[in-house]
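None of the figures in this text is laboratory data; all of them are computed from the coordinates on show. Here the structure is a predicted model, which means the values were calculated and not measured. All Cβ positions, even for glycine, are placed from backbone atoms using ideal geometry, and neighbour counts span all protein chains on display.
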Amino acid sequence: MKKILSMFALVTMLGLGAISNTYAEDAMPAAEVVTTEAAPAEMPAEAAPMEAAPVAAPAEAAPVEAAAAPTPVPDKGDTAWMLVATIMVTLMVIPGLALFYGGLVRQKNMLSVLMQVFMIFSLMAVLWAIYGYSVAFTGGSPFFGGLGKAFLAGVTPESLGATFSKGVYIPEFVFVAFQLTFAAITPALIVGAFAERMKFSAMLAFMVLWFTFAYLPLAHMVWYWDGPDAITDAASLDVVVANAGWLWAKGALDFAGGTVVHINAGVAGLVGAIMVGKRIGYGKEAMTPHSLTLTMVGASLLWVGWYGFNAGSNLEANGYAALAFINTTIATAAATLAWSFTEWSLKGKPSMLGAASGAVAGLVAITPACGFVGPMGAIIIGLLVSPICYFFVAKVKYWLGYDDALDVFGIHAVGGIFGALATGVFVNPALGGAGVVDYVANGVAAYDFGAQMTAQATAVVTAIVLSGVVSFIAFKIIDVLIGLRVSEESEREGLDTSAHGERAYHS
């Protein structure tokens, strides 16, 4: 146990040390503006995430007759909605994802999956407060933020985070908490790929490295910018673009995490499934889910919580939150139907597992698009993503021979890739999309298919390469220092008892 604790301390210090040495000089002072979830330079009106801003200070040496600039006041309705959305995303992870994954594994590993998801959420919450928020949402470079907000320095009940609309604010603590849940669910998604055979200590150590060097940089590249209040004319727009995350500056659209969450986690899952190796008896023994009832409950909680994930990413309770909300509903419903009918036509029977898988595929695919596309575009995305994911889950996985236990790559990575590319198509106002805002002209910018799809493809490739490389290196390091896999005896016994000394069931 001392060896494991020492390993965690070493990994954490190495991560913080690397960040500090590289970016300390560029760290944003605590008193400066802090970005909230960023959007492309041009986003739907009232839907562009915006930089968190401190309370405005009185102008120095202002003329006596001039009225003092009003102090920004958080909107109570938006604040209340974002608190609810944050709770809903937490519900997605614990218990939603935990039960969804837990029902899919064999009975002897049910408790281990619940424990892994529960502990990852807790670990990421602490790391987010220590350095994650600062690295993702402060200035530094186009690829990585700084440590100006480490330990949440400068974040107080009075500090504000602006939303997608100019002059509209929520408390910065609310934005910190909301983004914390994103940072927590993303690593938790990965464990489904190597379920039932990885060491608990190795899994936690991997998550620290992957969170630091894969999740945080991608979140910064996709979502960091100075916010719409910083854009007043063409010259100021150029400054905002120059200061923004690399992919944001290229115009990549990701409303709620298609690249940052799903492609990122899905690729890491594939690398992990390959490097940890197949489960003992894979392809020879039955490894059917032990409780599809719990899987259905978990999938339903994911669907409900996903409204906070998608509609909450608007940061305001307005029409664009409603657009993301309705798109989340109908895209998921369409994907559920598409998976079930695909399976029904090919296998002769529609299954509960297929319906749940289709729902998750639809949720994944609509995530990057939910605030950008129209309802009919959302239905098309849902109808198309399920047959694609089904093909990878039912065919490609077996052709290539990797043991992605709970189909993290086949659903999250593949669904995320499709959703990210489809966003670039259906954002087009001519196809019912909301378009992207031109903050200089205060209108909707002209749609450019070639430029938008280039930006989307760049984001997809960046997410695949970054997550793949970081995951491979992290797994290698952990394998050398701790070892990735439990013993054959422990795996046959089941991780519930061999790793945790407990059982999920006693009847």
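Listed values, structure above:
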{"item": "Extension gain (nm, one decimal) between residue 288 and residue 232, 0.36 nm per residue minus Cα-Cα", "result": "14.4 nm"}
{"item": "Extension gain, residue 87 back to residue 153 (0.36 nm per residue minus Cα-Cα distance, nm)", "result": "21.4 nm"}
{"item": "Residue 304-residue 399 pseudo-label distance in nm [points 7 Å out on the Cα-to-Cβ vector]", "result": "3.9 nm"}
{"item": "Alpha-carbon centroid distance for the pair the stretch 73-128 / the stretch 367-384, whole angstrom", "result": "25 Å"}
{"item": "Segments 155-164, 478-487 sorted - mean Cβ within 10 Å per residue, highest first", "result": "155-164, 478-487"}
{"item": "Distance between the stretch 453-499 and the stretch 202-261 - C-alpha centres, whole angstrom", "result": "23 Å"}
{"item": "Equivalent-ellipsoid semi-axes of the chain, from the Cα gyration tensor, Å, largest first", "result": "38, 27, 19"}
{"item": "Label point distance in nm, residue 280-residue 457, each placed 7 Å from Cα along Cα→Cβ", "result": "4.7 nm"}
{"item": "Order of 220, 506, 412 - criterion: other Cβ atoms within 10 Å of each residue's Cβ, fewest first", "result": "506, 220, 412"}
{"item": "Label point at residue 107 placed 7 Å out along Cα→Cβ; residues across the stretch 463-507 whose backbone nitrogen lies under 11 Å", "result": "504-507"}
{"item": "For residue 434, residues with placed amide H under 5 Å, excluding near neighbours", "result": "373, 374"}
{"item": "Within the chain, helix-based [θ] at 222 nm, where runs of 4 or more DSSP H residues each add -39,500 (n - 2.57), nearest 500", "result": "-17500 deg cm²/dmol"}
{"item": "Residue 73-residue 493 pseudo-label distance in nm [points 7 Å out on the Cα-to-Cβ vector]", "result": "6.3 nm"}
